[in-house]
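Notes to accompany the following structure.
The values are calculated or read from the model by the stated rules, or taken from the named source; none is laboratory data. All values derive from a computational prediction rather than experimental measurement. Every residue, glycine among them, receives a Cβ derived from its backbone with ideal geometry; neighbour counts consider all protein chains shown.
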Amino acid sequence: MGELSHQDWASAKAPDLAAFQAIADRVFAELPEIFREACRKAGVVSRIADFPDDETLETMEAESEFDLLGLFHGVGLPQGGAAPHTGASPNLIWLYRRPILDYWAEHDETLGDVIAHVLIHEIGHHLGFSDDDMEAIEAAAGD
């Protein structure tokens with residue numbers, strides 16, 4: 001994708017929820033097969049919301065509605081989440097549009113890269129990795 005001209009940016013708008021979901025779906029389709037397959041087997045689906053709900057913010061002890069970019073909600077593979085149980089809610093990866101857009105505006109990354117990072121992070125939680133595990137993996141990958 002090439003650089004956008006000033007004229008392109010002058011008329012550009014932030015993606016709405018539907019456009020954001022389309023970006024997330026495209027990013028997911030480009031992830032390594034191991035991530036996609038783990039999600040398919042466990043019935044993990046992604047959902048987009050502008051912000052986390054109040055209960056989530058309280059549970060996660062967030063100071064602001066902009067603190068969470070995404071969240072895995074469900075039963076991870078290590079806890080027996082390889083297949084959804086009858087009557088159980090699906091495993092969800094929530095992507096929070098406004099905090100992600102805010103993060104994107106503050107950093108030198110493409111929006112697709114930010115969404116990919118959040119998706120991989122939340123899929124990592126589904127696979128049983130802690131935040132510390134994923135930070136160590138990212139640090140090792142950056143070396």
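Got a number for residues in segment 95-108 being surrounded by fewer than 21 Cβ atoms within 10 Å (Cβ to Cβ) and of a type in the set (F, W, Y)? Matching residues across segment 95-108 total 2. Scanning segment 27-44 for residues that are surrounded by 12 or more Cβ atoms within 10 Å (Cβ to Cβ) and of a type outside the set (G, A, S) yields V27, F28, L31, F35, R36, C39, K41, V44. Of the helices (runs of 4 or more DSSP H) entirely within segment 46-143, those holding at least 3 residues that are modelled with pLDDT of 90 or more and under 20 Å from E30 (Cα atoms) occupy 97-106, 111-127.
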